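**Student:** First the structure, which I've put down as structure tokens, then a few questions once you've had a look.
Computed from the coordinates by the stated procedures, all read-outs in this text should not be read as laboratory data. Being a predicted model, the structure only gives us computed values, none of them experimental. Neighbour counts run over all protein chains shown; Cβ positions are idealised from the backbone, glycine included.
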Amino acid sequence: MVQFYIRAVGGLSRAFAVVATLLLIAAMLVVCQMIFIRYVFRAATIWQTDFVVFAATGAMFLGAPYVLLKGGHVGVDVVEMVVADRTRHAMRIVASLLGLLFCAIMLYASWLQFHETWVGGWRHASVWAPPLWIPLSALPLGFCMLCLQYVAQILVLVSGVATPAPTHVPAEALEAAAAVSPSRETAR
């Protein structure tokens, strides 16, 4: 059951990454179209800037669970390099729990914002004036997937049923730190 959950969430994170990629491609094409319209035809653009901002922001939030799945988030690894393997493992569990807590809080807050824009019929204050619930929907969706991905990561770390995402610390750095740090051998 745990492996099924981990695989299912990983599949959803990959699907969200595909959507994020498509949003970035669409934003890139719209930027090219906007430049062409402005500088070749000397015409005004109405919707393009808003679309690019909304698409890029949506891509960031929808792609974040995949980045977590692959262990690609930015991390400070100075401490990780000098502690024992068990301590490093415990640190990853604590960091994942804190990440889950943060994402759960942000999920709640972004859901409230999304719901308010949906019920209130809010529109963006621009000439294009798209409904704001559309771009804001990426926030609760992204944070919900991040929560699910953090739970999967915690299950991997606690149960050991799968290989955890790679750490930020390269193996060579860990070996170099082990050679320099005498306390590392005694900590095991």
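**Student:** Name the residue from 75, 63, 44 whose Cα lies farthest towards the positive end of the charge dipole of the range 1-89, charges +1 on Cβ of Lys and Arg and -1 on Cβ of Asp and Glu.
**Tutor:** 44
**Student:** Order of 50, 85 from fewest to most other C-beta atoms within 10 Å?
**Tutor:** Ascending Cβ contact count within 10 Å gives the list 85, 50.
**Student:** Exactly which chymotrypsin sites (Phe, Trp or Tyr not before Pro) in the range 2-59 are in a DSSP loop and have at most 16 other Cβ atoms within 10 Å?
**Tutor:** 41, 47
**Student:** Moving on. For residue 123, what residues show an amide H to amide H distance below 5 Å, using hydrogens built from the backbone and excluding near sequence neighbours?
**Tutor:** Excluding prolines and chain starts, which carry no amide H, the hits are 132.
**Student:** Report, in order of residue number, the helices in the chain meeting two criteria: a C-alpha extent of 24 Å or more along the helix axis, and a mean Kyte-Doolittle hydropathy of at least 1.6; treat each whole DSSP H run as one helix.
**Tutor:** Flagged H segments are 2-40, 138-159.
**Student:** If you don't mind, another one. For labels at residue 79 and residue 4 in the simple 7 Å Cα→Cβ model, what's the distance in nm?
**Tutor:** Placing both labels 7 Å along Cα→Cβ, they lie 3.8 nm apart.
**Student:** Counting only Cα, what are the radius of gyration and maximum Cα-Cα distance Dmax of the chain, in Å?
**Tutor:** Rg and Dmax of the chain, Cα atoms, are 21.3, 71 Å.
**Student:** Can you tell me the dipole magnitude for the chain around its Cα centre, using point charges on the Cβ only (Lys, Arg +1; Asp, Glu -1), in Debye to the nearest 20?
**Tutor:** Value, rounded to 20: 300 debye.
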